[in-house]
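J.: This is the structure, below, for whatever I ask next.
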Amino acid sequence: MRYRIDLLATSVIVAAFGMGLCVAEDSLDRRLRAIARDGVNCGEWTEGGQNRPAVNSCISKQLGSNRPFFARFGVSCEDSKCAVGLALEPAPGSLYVVHFDSQGCLGTKSSDPFCGTVLESCRRPKLSQVGSGLKLTCENEYQF
């Protein structure tokens, strides 16, 4: 099975990394940092943000050299806060796409430090530049 994750359409990011801003960490931040451990923070991009080239460059560089990293992008959501993140773990170096929806942190789920996040492993990732964005193509196999 092949699928494509398109990181072009984005909107608002919930948190900011490394910009001198003091913003509360959410469960997506915790999940990305747990996967990448001491990996490079490639930052986050919000719609209209001027840092897109720097985020893209960092992701490309880290993935190309198989060094741990994480990055965050906002995605549109109707009634909650949503985002998608990328994280490359240290050896063996698996790449993960992490989806976040704050609706998954309601009620009894709020005590889960990774609430609202869903992990997808990206096998044989191929990254390419598309306009000002990035396109990540993953080829995964599933057996039942």
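J.: If I model a spin label as a point 7 Å beyond the Cα along the Cα-Cβ vector, how far apart are those points for Ser110 and Glu25 in nm?
T.: So the two model labels end up 2.0 nm from each other.
J.: Now for a separate question. Run the reach check for Lys135 against lysines, Cα to Cα strictly under 28 Å, same-chain hits fewer than 8 apart removed. What comes back?
T.: Hits, sequence-local ones excluded: Lys61, Lys81, Lys126.
J.: So which GluC sites (Glu not before Pro) in the range 52-144 pass both tests, a DSSP loop state and at most 13 other Cβ atoms within 10 Å of the Cβ?
T.: Listed in order of number, the matching sites are Glu78, Glu141.
J.: Rounded to whole Å, give me the distance from the Cα center of the range 94-123 to that of the range 22-56.
T.: Using only Cα atoms, the two centres lie 15 Å from each other.
J.: Let me ask you something else. Need one number: nm distance between label points at Asn66 and Arg124, each 7 Å from Cα along Cα→Cβ, rounded to one decimal.
T.: Inter-label distance under the simple model: 1.7 nm.
All of the numbers you see were taken from the coordinates with simple rules; none came from a lab. A quick note: this is a predicted structure, and the numbers were derived from the prediction, not measured. With ideal geometry, Cβ positions are generated from the backbone for all residues, glycine too; neighbour counts draw on all protein chains shown.
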